[in-house]
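The values are calculated or read from the model by the stated rules, or taken from the named source; none is laboratory data. Keep in mind the model is a prediction, meaning the values are calculated, not measured. Here Cβ is always computed from backbone atoms with ideal geometry, including for glycine, and neighbour counts include all displayed protein chains.
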Amino acid sequence: MVQWQKSSFSGGGDGDECVELGRQGSEVLLRESDEPPRILTVETSALAAMLRHLQVDASGSPR
């Protein structure tokens with residue numbers, strides 16, 4: 001069974017408007033809580049690259 005962790009940016013409620021991250025073996029899994037059956041499998045390096053990209057877009061400059 002996958003243990004899902006909600007994004008800290010999703011707020012503290014139990015609503016269905018958050019991104020969740022899980023791990024199954026060596027796979028990293030992503031899902032949106034309002035559509036839990038739709039699960040994306042990503043490589044850790046791809047997830048890290050996406051997060052770096054999002055940080056740059058949010059701040060306007062690399063961190």
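Quick notes on this one:
- In region 17-35 there is no residue that is modelled with pLDDT of 90 or more and in a helix (DSSP H, G or I).
- Selection of first residues in region 25-39 that are over 16 Å from S7 (Cβ atoms) and of second residues that are surrounded by fewer than 16 Cβ atoms within 10 Å (Cβ to Cβ) and not acidic (D, E), restricted to Cβ pairs under 6 Å at least 6 apart or on distinct chains, gives the following pairs, ordered by first then second residue: E27/T41.
- Qualifying residue in region 3-10 (condition: of a type outside the set (G, A, S), modelled with pLDDT of 90 or more, surrounded by 10 or more Cβ atoms within 10 Å (Cβ to Cβ) and not in a strand (DSSP E or B)): yes
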